[in-house]
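Asks: First the structure, which I've put down as structure tokens, then a few questions once you've had a look.
Just so you know, all these numbers are worked out from the coordinates, no wet-lab data involved. What you see is a predicted model, and the numbers here were worked out from it, not measured in a lab. When we count neighbours, we look across all protein chains shown, and the Cβ atoms used for this are built from the backbone with ideal geometry, even at glycine.
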Amino acid sequence: MIILGIDPGTARCGFGIIDKRGNSLKTVTYGLIESDREYSQPERLEIIYVEINRLMKKYRPDIMAVERLFFSRNVTTGMTVSEARGVILLCGALAGVTVMEYLPAQVKSAVTGNGTADKQQVQKMVKALLNLKEIPKPDDVADALAVAVCCGASIRMQQIKGQQS
């Protein structure tokens, strides 16, 4: 099962694609969708739309996992990230892909066992769980991989619950 994890953002949108087979997780690819400040918000959203669709066509994920916006101290930043999330969710819907959303605490808990883990703990566990040589940089990329790992763990728990019924 191919899972596309996304850490939404307007200037920097992290993505990570993993392949989940049974209990095994394998990294397929990861990276960053970036747009310069010189672009208008509609242009930035178009870049996100085009790049997410490119990833969808190339890797054909079974599931798209997107981090939910928890809160933002800066209302303007929160609004622009919400707009980026909307574009990302639309891409998943138009591609006919199952879209799952996770709060940051859910991602931290799934990856580290602690819903209040700090960024470094999450990054170290992503590196270990995906057997990577180094922690993916920048943080947005590591966060996107963590969202994908969370989704994989969530699916595994649903499968276990289904077998116990």
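Asks: Of 144, 88, 42, whose Cα points farthest to the positive end of the dipole of segment 2-164 (charges on the beta-carbon: +1 Lys, Arg; -1 Asp, Glu; origin at the Cα centre)?
Replies: Among 144, 88, 42, the one farthest towards the positive end of the dipole of segment 2-164 is 144.
Asks: Hey, what angle do you get for helix 75-95 against the long axis of the chain, alpha-carbon based, 0 to 90 degrees rounded to 10?
Replies: 60 degrees
Asks: Something else now. Using modelled backbone amide H atoms (1.01 Å from N, in-plane), which distant-in-sequence or interchain residues come within less than 5 Å of residue 101's amide H?
Replies: 66
Asks: On to the next question. Could you give the length gained by full extension between residue 98 and residue 134, i.e. 0.36 nm per residue of separation minus their alpha carbon distance, to one decimal place?
Replies: 10.0 nm
Asks: For residue 57, give me every one of the aspartates and glutamates with a C-alpha distance below 20 angstrom, ignoring sequence neighbours fewer than eight places off in its own chain.
Replies: 7, 19, 34, 46
Asks: Right, another one. Dividing the alpha-carbon Rg of segment 1-110 by 2.2 N^0.38 Å yields what?
Replies: Working: Rg = 13.8 Å, N = 110, 2.2 N^0.38 = 13.1 Å.
Normalised Cα radius of gyration, segment 1-110: 1.05.
Asks: How many percent of DSSP beta bridges within the chain run antiparallel, rounded to 5? Don't skip to the end; give the middle numbers.
Replies: On the way: 16 of 25 bridges.
Looking only at bridges with both residues in the chain, the antiparallel portion is about 65 percent.
Asks: Can you tell me how much longer the chain between residue 2 and residue 68 gets when fully stretched, taken as 0.36 nm per residue apart minus their C-alpha distance, in nm with one decimal?
Replies: Additional length available on full extension: 21.7 nm.
Asks: List the relative contact order of segment 2-164 as a percent without decimals, with contacts defined as Cα pairs under 8 Å and 6+ residues apart.
Replies: 30 percent
Asks: Still on this structure, please answer the following. Which value, in debye to the nearest 20, describes the size of the charge dipole of segment 2-164 about its Cα centre when Lys and Arg Cβ atoms bear +1, Asp and Glu Cβ atoms bear -1, and nothing else is charged? Provide the component values of the computation, followed by the final result.
Replies: Values: 21 positive and 17 negative charges, 135 e Å.
That gives segment 2-164 a dipole magnitude of about 640 debye.
Asks: Calculate one ³J(HN,Hα) per residue across segment 8-20 by plugging θ = phi - 60° into the Karplus curve 6.51 cos²θ - 1.76 cosθ + 1.60, and present them in order as whole Hz with x for glycine and proline.
Replies: x, x, 8, 6, 9, 10, x, 9, x, 10, 10, 10, 9
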